[in-house]
């Protein structure tokens, strides 16, 4: 009797759990499905009531039309250059910094790390005007640099990676030194492979936040040749008219796809980053 | 092969001196065990040889050459760590190969070396596994193979067996003794376990509070301990110590040297005699260990026979030749010392 009771209870528990997960999933996935569905509808279908879920004939042409509405190839190229440059530079700065903060002893280490955290806490909005003026002084406003230079270091990344490096036992580093590995090799062959989950997480967060960056490029750019995809998509509203949702959504799908691709590559590592398990 | 010398070596951690003006020579090709309670500085010495915890002052010589400025990887030493410290992201093969690659050993040579080493330590089938798929004993072997493959002139081991279960530990102990015999290299082994030290060492260096208490072969350190600390650190159970009641002097005897009897033995048979009650009895199979309370003293007695029970009254006797005496400065008195004869007489007259 008891075992029956407890197995029934367990079944109920897992059923409630699954139901709850489905609800949460639906809430998160609904806007995506809505976006994809709308991007394949005709203008008439977007206005119909009740709303159409599955378009009668998928309008693949919407994508082409969205892309023709502006210099989208340039926008996409700009977005790609900006985001990839930021990530590459951030990694080049972040890995040595985190390694030093985690494993070296030097004067003022805590003060310097405090400064890094301080940078992490300053709201970006405060820096808009001074950075703009600085970039204007340096005559960089007509280039992509204003969208890259301010993000060359990633305080959150340094913080997260430092925590991760700190968990790596000292003995492993000492063993590598006894194996005649120089510092550079040690970082490349021991630290980086062990911190892969953390690096994937940082790369994804960084990619998403800079790929989706809207306000900063809006302030820092003044011509189509240096604008990223986000600004291009938002301008569809002006060029296509406010009610052309099918075209706007087609643009948005194009904007979101790279993020999904990056996530697919990183997701496994990201889960690992939060459940670190060393070797006993 | 290489000898190691410490000359007036000191080490301070955060302004606290851990080791002061230490001098020690570790002989070439010997199995030397540094042993002592935790915090005695034994691991600190080992790390100085490796170069991963440099000394504050003095000189460390390997084969007569001052290595103070030579980086760890170029000293010709290899180390096995307590938690093995194998690289978790690399396969067994890559773990062993890492040091060779860094030393620019050609590929074909590397392959040959790795295969022959893995044959020796029994890892041949596991070369492509990740450390997380290996058992504790296998990881231990990876750590050993990684050290051996570099053909170091000095092997350093920091409590390498302490994470293994008791049975495997005994087995690995024998394997290490054999390995040392085969390689003929200088082994420096750190442990807090005096049984390990006794069973493996050619020379034991016993340390306490950053100072060397005694440096001798296991037999010598057991039978002729320099001082009270050594007498009470080496041996299970350690040497029994009792107050003599004069000049702060003490007497001592090993648990296996005491003879128990139900009747008082004839006057002349045993030199030191006392009567006591058995408090505890540990039956270990081949021997039995009794704890006997006699007045304010408590003695451990190891007996090959299991004749007595708890709460029984017994007589305990020790032969004159098995008694040790320690002066007020805690140093052991040689039997030729004039004070020893006096203490011997004092002990005999004690009620």
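Laboratory data are not the source of any read-out in this text; all were calculated from the coordinates shown. Here the structure is a predicted model, which means the values were calculated and not measured. Don't worry about glycine lacking a Cβ; one is built from the backbone with ideal geometry, like all the others, and counts go over all protein chains shown.
Taken as Cα centroids, segment A:17-62 and segment B:197-211 sit 76 Å apart, rounded to the nearest whole angstrom. A convex hull fitted around the alpha carbon atoms of segment A:137-238 yields 132 Å³ per residue. Across all Cα atoms of segment A:35-166, the radius of gyration (one decimal) and Dmax (whole number) stand at 22.6, 69 Å. Comparing mean-square fluctuations of A:25, A:144, A:80 from a GNM of chain A with C-alpha springs under 10 Å, the top value falls on A:25. Counting Cβ atoms of other protein chains within 10 Å of each residue's Cβ and taking the mean over peptide A:179-185 gives 6.
Working from the alpha-carbon coordinates of segment B:117-201, get Rg over Rh, Rh being the Kirkwood radius.
0.94
Note: relative contact order over segment B:4-223, using C-alpha pairs below 8 Å and six or more positions apart, is 31 percent.
Expressed as a fraction of 2.2 N^0.38 Å, the C-alpha radius of gyration for segment B:1-109 is 1.21. Counted over segment B:112-164 with a bin width of 5 Å, the fraction of Cα pairs per bin, in whole percents, is 4, 19, 30, 24, 17, 5, 0.
Go ahead and set up a Gaussian network model of chain B, Cα springs under 10 Å, then flag whichever of B:39, B:285, B:137 fluctuates most. Largest GNM mean-square fluctuation: B:285. In the Gaussian network model of chain A, springs joining C-alpha atoms below 10 Å, which of A:62, A:212, A:222 carries the largest mean-square fluctuation? Fluctuation is largest for A:222.
According to the calculation over all Cα-Cα pairs in segment A:2-61, the P(r) per 5 Å bin from zero is 4, 16, 16, 13, 10, 9, 8, 7, 6, 5, 4, 2, 0 %. Counting, for every residue in A:164-177, the Cβ atoms of other protein chains within 10 Å of its Cβ and taking the mean gives 5. Taking every DSSP helix (H) stretch of at least 4 residues in the protein assembly as shown, weighting each as -39,500 (n - 2.57) and dividing the sum by the residue count yields a mean residue ellipticity at 222 nm of -15000 deg cm²/dmol.
Modelled label positions at residue A:28 and residue B:120, each set 7 Å beyond Cα in the direction of Cβ, lie 5.3 nm from each other. The reciprocal of the average 1/r between distinct C-alpha atoms defines the Kirkwood hydrodynamic radius, which for chain A equals 22.5 Å.
The fraction of Cα-Cα pairs per 10 angstrom bin, counted from 0 for chain B, comes to 5, 21, 26, 21, 15, 9, 3, 0 percent, rounded to whole percents. With the alpha-carbon atoms of the protein assembly as shown aligned to their principal axes, the span from lowest to highest coordinate is 121, 76, 52 Å, starting with the largest. Only Cα sites of segment A:200-255 enter the Debye sum here, all with the same form factor; the resulting log10 I(q)/I(0) across q = 0.15, 0.19, 0.28, 0.30 1/Å is -0.50, -0.73, -1.10, -1.14, listed in q order. Look at the stretch B:78-85: the mean tally of other chain Cβ atoms within 10 Å of its residues' Cβ atoms is 5.
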